[in-house]
Structures are given as C-alpha cells and as structure tokens.
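Down below is the structure, laid out as structure tokens.
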Amino acid sequence: MLIGLFCLTAAAVVRAEDPYIYFTWKVTYGTISPLGVPQQGILINGKFPGPNINSTTNNNVVVNVFNNLDEPFLLSWSGIQHRKNSWQDGVLGTNCPIPPGQNFTYHFQVKDQIGSYFYFPSTAMHKAAGGFGGLRVNSRLLIPVPFADPEDDYTVLIGDWYSKSHTVLKKFLDSGRSLGRPDGVLINGKSGKGHDKDEPLFTMKPGKTYRYRMCNVGMKTSLNFRIQGHPMKLVEMEGSHTVQNVYDSLDVHVGQCYSVLVTANQDPKDYHMVASTRFTKNVLTATGIVRYTNGKGPASPKLPEAPVGWAWSLNQFRSFRWNLTASAARPNPQGSYHYGGINITRTIKIVNSPGTVDGKLRYAINGASHMDTDTPLKLAEYFGAAAKVFKYDTIGDEPPAKGSDKISVGPVVLNATFRNFVEIIFENHEKSIQSWHLDGYSFFAVAIEPGKWSPERRKNYNLLDAVSRHTVQVYPKSWAAILLTLDNAGMWNLRSEQWERHYLGQQLYISVLSPARSLRDEYNIPDNNELCGIVKGMPLPPPYTI
Ligand SMILES: *[C@@H]1O[C@H](CO)[C@@H](O)[C@H](O)[C@H]1NC(C)=O
Ligand SMILES: *[C@@H]1O[C@H](CO)[C@@H](O)[C@H](O)[C@H]1NC(C)=O
Ligand SMILES: *[C@@H]1O[C@H](CO)[C@@H](O)[C@H](O)[C@H]1NC(C)=O
Ligand SMILES: *[C@@H]1O[C@H](CO)[C@@H](O)[C@H](O)[C@H]1NC(C)=O
Ligand SMILES: *[C@@H]1O[C@H](CO)[C@@H](O)[C@H](O)[C@H]1NC(C)=O
C-alpha cells in the first residue's frame, strides 16, 4: 500500500489564489475578574477570551500579533497541521518569541481539516491568564458535511482557572513547587455558580438545532460537560467527523475539542450548561445559561450529575468512532483510510515520570526532561547549527531499565524518518491522568487500556475506525496507543497538555526532515521570521527548491 501519495502531488507552495483572511491582534494586560476577584489577564484586542477565528478550507490566515506585554510571547494554533510549515507553529522549538513591544505576522493556510480548534499562548505560564480563543475551519460549500446546517454555531471554551497571576504561577514552578489545585472553572471566561440571574451565554430558538464546539483550554484538569435536559449528538472531534452517538455528558480532557448538535426541544425556559472537574478530590463547577428565545422561567437549580470514576470515561473513549463514509475533510491527510493494514516501522514507547533535579520538581519522558533553548531547535537545524544547540536522540524508543530513575535536563529531540508509519505508546505509571498532544499531525487513537503495554496488546487496537485526532488522554496506570505517518516535514512538539508538566519538561520535539530538501516537502523559512540565539546574523542556508 502506498502512503503519502497526496503529498507528492499536492501544490508545493501556498496557493496565492486562495482567499486571505487578515487579523491584527494587540496583546495587552488588562484586569479581569472571572472568579469575582480582580486579577491580571492577557487580552487580545481588549477581549478575554480572545476573538474567534472563523476560517474556511484553503483560507490563508494572516495574523499580525503585537506583543504589548512586558515579556516575550508566542501564540500557537492547537491542532492546525501547518503542512510543510512548522515555521508557523508558534512554540519555542520552532519560533523566536516576539519581544515585548514588537510584532510578528503568522501566515498559514488551513487545509481540509474541517473542525474545531483553539489558539493559546505557548510561552511561560501566559495561558493561565488568557490569550486563548476558538478557531474553526469550515467546509467549502463543495464539500458536504454529514449533518444539516445548524441554526447557529457556538464556541464554548472551558477550562480550570487560577486566581493567581501567571507570574506568580511561574515563580512557583521555577522555585520547584507545583501549581497546586486550581481555584475554579470557567466557561467562556465566566464562572457562573449556578446562579439563575446570570446573563445567558447562548440563546436557542425553539425547535432549532445548534452546534456547540467545546474545547478544554485549561491548565491541567479534565472536565465533564453537559447541558440540563439536553442530550448531545457528537458530530466532530478535532477535525474528524464521528459516528453520531448521543451522550448526556462528555469528558473533555485538556487540549481536546468536541462538536455536538443540540436541539431546543424542551420546555421554553433557561437551562444551565455545566463544566465540572473530573478525577479531583474537590469538584469545581462552572455553569452558564442557555436561554430559549421564547423562554419563560429560570433554569432549575438542580444541576445534572457528573459521572464518577475513570472507567466511565474509558468506556466513552471506546464508543468514539470515525465516520468512514462521511465525505467531508477527506482525502485523508494521513494518506489512507486503511491505516490498519500498514506495517509499523517504528515503535516509540514513552513513559512519563515526576522527579526532582537539584531539589526542584521536574517531569520527564523516558528519563529526560525537556528544556527550551535560546535558539529554537528548528532554526538551529535549518541553519546547519544543530550540533551547537542540541543532540538528537538523547532518549531511546524505550524507557530506561528499571532502577535508573535519574532525570537529565536539556533539549529532547527525536530524529524521525520522513514518511515512516510509527506507533507511539504512552504508558502512564502515575496516579494522575495525562493528556498528550502532537503538533503538525492528526493520529489514529487506536487504544487506551489499563495496565502496561506489550506487543500482544496490539490485538486490542481499533484498526478500522479509530478517530483521527491530535490529543489523547491516558488514565492512571494505563496506556494509550496512536498510529500515524510522519509525512509532514518539520520540527513538531509532542507534549503534555497539562501546563505545569509541559513547563517542567514533559515534552519533546520530533524532527521530521525530508532528505530531498525539496519545496514539495517543506517550505523555506519565511522572510519575516525573527532570528534569535546563535542563528542571528548567520547567512541564510541555500533554500529548498522544487
Ligand atoms: C463563519 O464562516 C462561515 C463560512 O464563510 C459563515 O457561513 C458563517 O456565518 C461565519 N460565522 C461567523 C460566526 O462569523
Ligand atoms: C509588523 O507590523 C507591520 C504593520 O504594522 C508590518 O508591516 C510588519 O510586517 C510586521 N512585522 C512582522 C515581523 O510581521
Ligand atoms: C456518516 O456520514 C454519512 C455521510 O455524510 C451520513 O449519511 C451518516 O449518517 C453518518 N453515519 C453515522 C453513523 O453517523
Ligand atoms: C507487512 O509485513 C509483512 C511481514 O513482514 C509482509 O508480508 C507484508 O507484505 C507487509 N505489508 C505491507 C503492506 O507492506
Ligand atoms: C536521522 O535519521 C536519518 C534516517 O532517517 C539519517 O539519515 C540521519 O543521518 C539521522 N540524523 C541524525 C542527526 O542522526
């Protein structure tokens, strides 16, 4: 079976004739009080959460970001694949941060990944103060979507929240302690505590069906999402149309996005939507009002119960299926529907672990804790200066043998072979849930199982209709397996979505280089790219050619 054929034939450069959408964003501090107490927030054009980007397949998205904070800053676009273009990924391994008082223009083309995403600040603990917003990729009219057009389409950003500033939170981590427990949960920047006097977040006309896109933009906590009296029909997750099962509630782990259809077919009045923490000792809850336009009456104070325990959550994961007959969003960028028939060329087994280095908390992957470098890894590699900045493959494809629980700190970069079909196993020996995300790709999330992984466990994989997505959770003392073709050249961040773990080293980069050095496989560095670290002032290397 041939994979990656689509890449060979795809246009080599951003096609100028495709429409452009432009944004100018001013990033500033501003006072917000999401938990009722004033605190410093990060605003985009004065807004918290930031504006939503509404794009359509093939749009060229141009976002000129002015950093008016007092610290270097970057935005990243969670789940946007940036084909051949890790230059736009906006993480410290690919981009120089935008210095205070300066601006940088992101320019990327969204492809056929029709679905729900979000953007967020990837630097420091900025995400804890805001700077995030929704990002949609709509279908061009030519590509049918497997459900009728909803009456309206709502973005619901949910996440845990701290009342301390991002600088205080960062100081905690830098001094070796953990962030501790969050102080609340927000829905679109508001905490609503079941009050029926709150202004409605959303309205629905009786009899009509609405699309709600929920993303967990929080710092570390899995959330359960539900709407009083309204079952939700799942239609999409992270860019894949799913089999349309109906759920009373959904577990949304950090970094994940789900779209559901909800029909306003109940008594015309107000209803609470609820996001509450999962797998935590104290349950934190946020509510928001959904109002029928002909509504007469407040929402019932009795909130729907959340499920208990992680077995429920695992069963829900197992019920997710990709809709193989949905025509939207395909041809599949992974190159094949029949991923189950492709031979695995490499297995990378990743085990997360906490530890201390010089008395301070760190998190590691296979014994190595990632540390960002002054020169972004991608730039060092592109300018031929990788050896001065990092070593490839400081960790193996297996965790080190038992007994060696020493953690090393430094940049962690795996050297991968272009177009290999790989299996990545995430094995979690800890008592807390993990959420993993890979930039630049969607992957088939083929299994999550309790216990330890072994090759025999492959017989439990869903090799037919696992959902292609970019984030997967791993329950305590469990493992998850993903399959993907490394057909997108670039430097890509594989990370814990739990932000203190990410900040303290539970992340790495996968370097995928096309030996052809061809524009068919990867774009050249854009002209406007900021240079920093040792590549500042270096002559540009010979550009990639067709
Ligand atoms: C988003 O874009 C689509 C397609 O152009 C359009 O139909 C829709 O009205 C837009 N939605 C919003 C909220 O702007
Ligand atoms: C900064 O913004 C100006 C427009 O105000 C633009 O011309 C320039 O290209 C931007 N700089 C970068 C590096 O994107
Ligand atoms: C899958 O998509 C097809 C084609 O758009 C649609 O007709 C069908 O109802 C969907 N199937 C399920 C099980 O959701
Ligand atoms: C996969 O590997 C098996 C055993 O090595 C081989 O027989 C088969 O042809 C391979 N399949 C593909 C699709 O390459
Ligand atoms: C990375 O792997 C490729 C094979 O895929 C190999 O050719 C190359 O030399 C390796 N690079 C380094 C720096 O190890």
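The values are calculated or read from the model by the stated rules, or taken from the named source; none is laboratory data. It should be emphasised that the depicted structure is a prediction, and the values quoted were computed from it without experimental measurement. Note that each Cβ is placed from the backbone with ideal geometry, even for glycine, and that neighbours are counted across all protein chains shown. Calculation scope for accessible area: heavy atoms of the full protein, side chains included, ligands and nucleic acids excluded. Shrake-Rupley method; radii C 1.70, N 1.55, O 1.52, S 1.80 Å.
Data overview
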item	result
Condition broken by D174, with the remaining ones in (1) open to solvent by less than 40 Å² (accessible area, probe 1.4 Å); (2) at pLDDT 95 or above satisfied	(1)
Qualifying residues in segment 305-317 (those that are touching a residue at least 40 places away in the same chain (Cβ under 8 Å) and not hydrophobic (A, V, I, L, M, F, W, C)) - the one nearest to ligand 3 (Cβ to nearest atom)	Q316
Residue, farthest from the chain's Cα centre (by Cα), within segment 368-378, restricted to residues that are open to solvent by 20 Å² or more (accessible area, probe 1.4 Å) and of a type outside the set (A, V, I, L, M, F, W, C)	D374
Those residues of segment 250-308 which are part of a strand (DSSP E or B), open to solvent by less than 20 Å² (accessible area, probe 1.4 Å) and of a type in the set (D, E, K, R), in sequence order	D251, D270
Those residues of segment 395-408 which are surrounded by fewer than 13 Cβ atoms within 10 Å (Cβ to Cβ) and of a type outside the set (A, V, I, L, M, F, W, C), in sequence order	K402, G403, S404, D405, K406
Strands (runs of 3 or more DSSP E) within segment 427-546 that include 3 or more residues within 16 Å of ligand 2 (Cβ to nearest atom) and hydroxyl-bearing (S, T, Y)	none
Enumeration of residues in segment 129-144 that are surrounded by 18 or more Cβ atoms within 10 Å (Cβ to Cβ) and over 20 Å from N45 (Cβ atoms)	V137
Which listed residue is touching a helix residue (DSSP H, G or I) at 6+ places or on another chain (Cβ under 9 Å) and hydrophobic (A, V, I, L, M, F, W, C), from L157, L173, L186	L173
Segment 185-239: number of residues that are more than 20 Å from the chain's Cα centre (by Cα), more than 24 Å from S319 (Cβ to Cβ) and assigned to a loop (DSSP other than H, G, I, E, B)	13
Residue within segment 507-522 that is out of contact with any helix residue (DSSP H, G or I) (no Cβ under 8 Å at 6 or more places or on another chain) and of a type in the set (F, W, Y) present	no
Strands (runs of 3 or more DSSP E) (entirely within segment 32-85) containing at least 3 residues that are outside the structural domain of E530 (by TED's automatic domain parsing) and of a type in the set (V, I, T)	60-67
Filter result (of a type in the set (V, I, T) and either part of a strand (DSSP E or B) or on the phi > 0 side of the Ramachandran plot (or both)) within segment 158-184	I158
Yes/no for V351 being of a type in the set (A, V, I, L, M, F, W, C), away from ligand 1 (no atom under 16 Å from the Cβ), open to solvent by less than 30 Å² (accessible area, probe 1.4 Å) and at pLDDT 95 or above	yes
Condition check for R501: open to solvent by 10 Å² or more (accessible area, probe 1.4 Å) and touching a residue at least 24 places away in the same chain (Cβ under 8 Å)	yes
Any hit, segment 189-202, residues being of a type in the set (K, R), touching an Asp or Glu at 6+ places or on another chain (Cβ under 8 Å) and crowded, with 23+ Cβ neighbours inside 10 Å	no
Qualifying residue in segment 141-159 (condition: without any contact (Cβ under 8 Å) to a residue 12 or more places away in the chain and of a type in the set (F, W, Y))	no
Conditions (1) part of a loop (DSSP other than H, G, I, E, B); (2) closer than 30 Å to G359 by Cα; (3) hydrophobic (A, V, I, L, M, F, W, C); number of the one not met by V145	(2)
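Here's the yes/no breakdown for (1) in contact with a helix residue (DSSP H, G or I) (Cβ under 9 Å, 6 or more places away or on another chain); (2) in contact (Cβ under 8 Å) with a residue 40 or more places away in the chain:
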residue	(1), (2)
S78	no, yes
H82	yes, yes
S86	yes, yes
L92	yes, yes
G101	no, no
F108	yes, yes
Q113	no, yes
S116	no, yes
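Residue by residue, here is whether (1) farther than 24 Å from G159 by Cα; (2) aliphatic (A, V, I, L, M); (3) modelled with pLDDT under 95; (4) away from ligand 1 (no atom under 16 Å from the Cβ) holds:
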{"residue": "R278", "(1), (2), (3), (4)": "no, no, no, yes"}
{"residue": "T287", "(1), (2), (3), (4)": "no, no, no, yes"}
{"residue": "R291", "(1), (2), (3), (4)": "no, no, no, yes"}
{"residue": "K296", "(1), (2), (3), (4)": "yes, no, yes, yes"}
{"residue": "R321", "(1), (2), (3), (4)": "yes, no, no, yes"}
{"residue": "L324", "(1), (2), (3), (4)": "yes, yes, yes, yes"}
{"residue": "N332", "(1), (2), (3), (4)": "yes, no, yes, yes"}
{"residue": "G340", "(1), (2), (3), (4)": "yes, no, yes, yes"}
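Results for (1) among the aliphatic types (A, V, I, L, M); (2) open to solvent by less than 30 Å² (accessible area, probe 1.4 Å); (3) at pLDDT 95 or above, shown as yes or no for each residue.
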position: A380; (1), (2), (3): yes, yes, yes
position: A387; (1), (2), (3): yes, no, yes
position: D393; (1), (2), (3): no, no, yes
position: G410; (1), (2), (3): no, yes, yes
position: A416; (1), (2), (3): yes, yes, yes
position: R419; (1), (2), (3): no, no, yes
position: I424; (1), (2), (3): yes, yes, yes
position: H429; (1), (2), (3): no, no, yes
position: I433; (1), (2), (3): yes, yes, yes
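Table: residues versus (1) closer than 29 Å to M214 by Cα; (2) hydroxyl-bearing (S, T, Y); (3) more than 16 Å from ligand 5 (Cβ to nearest atom).
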residue	(1), (2), (3)
Y441	yes, yes, yes
A445	yes, no, yes
W453	no, no, yes
R469	yes, no, yes
A489	no, no, no
E522	no, no, no
